[in-house]
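First up is the structure itself, then whatever we jot down about it.
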Amino acid sequence: MSFYVMSDIHGMYDKYTAMLKKIRFSDSDMLFVLGDVLDRGSEGMRVLWDMMMFPNIIPILGNHDYMAAQSLRMLMQEVTLESLQKFDKEIMTGLTEWAQTGGMATIEEFKKLDDEERESVLDYLDEFELFDEVEAGGKDFVLVHAGLDNFSPDRPLEDYGLHEVLFHAPDYSKVYFPDKYLVTGHRPTRLEFEGKDFWNADPAGKYKDEIVFTNNHIAIDCGCGYGGRLGALCLDTLETFYV
């Protein structure tokens, strides 16, 4: 049995399935997906649907998955005077922000599902955890999409709220857990560690869309949603894989 982790698939179904083949993912393995399954790419629903078929794929919530779930539930409501009265400026701002950051691709795919399929997808998104902890290869790992904002070494993981783990990348210059690895996605490693304009630059920097190990952190978002690579990590051996 092997433990794997990947993150920020962003609707790239072909890269996702190619990675499953590359790591030879089997029923005896465990895969943790650290969020942002949806948005940007055109096949996020297809990725979700495939993940749903595997009891040994453990989904962890990302900010894009959270925004999608909230927005799609709202868009599915029957338009009535009462429902329209609930649409305030904050809600409209959230919907606009989500649509502009890749949500339109998710909406277009969601529209093609029937009502039962839509409910199944939204119910599955509700099952996503905020974090997980695992021991593999004699090492301990804390798995979360973005980071641990307002961190305190004495603070239980259960005390962190949605925005603290979904939207705030960690400080890679410091060690959070001296005896554990903190594994995160959310920020493409080329952007985080090269300081480049990720959206316009070619991957010519030192890391070249690679998984980065630093200060007991492991950053695994390799820019799949922006034309980069999908990365995966075997927690047992710390071997990296790329598509």
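Descriptive notes on the structure:
- Note on ARG73, ARG187: ascending count of other Cβ atoms within 10 Å places them as ARG73, ARG187, the fewest first.
- Average projection area in nm² (convex hull over Cα atoms of the range 101-243, one quarter of hull surface): 10.2
- Nonlocal amide H pairs with GLU239, under 5 Å, H built at 1.01 Å: CYS234
- Sequence of GLU116, GLU192 once ranked by neighbouring C-beta atoms within 10 Å, starting from the fewest: GLU116, GLU192
- Across the chain, Cα-Cα distances exceeding 25 Å account for 41% of all pairs.
- Per-residue 3J(HN,Hα) values for the range 216-229, derived from phi via the Karplus relation 6.51 cos²θ - 1.76 cosθ + 1.60 with θ = phi - 60°, read 6, 9, 10, 9, 10, 7, 9, x, 4, x, 10, x, x, 9 Hz in sequence order (x marks Gly and Pro).
- For LEU233, LEU34, the sequence from fewest to most other C-beta atoms within 10 Å is LEU233, LEU34.
- Close amide H partners of ILE218, meaning residues 5 or more places away or on another chain with modelled amide H under 5 Å apart, are LEU182, VAL183, THR184.
Computed from the coordinates by the stated procedures, all read-outs in this text should not be read as laboratory data. If you're wondering where the values come from, they're calculated on a predicted model, not measured in any experiment. Quick reminder, even Gly has a Cβ in these numbers, built from the backbone with ideal geometry, and neighbours come from all protein chains shown.
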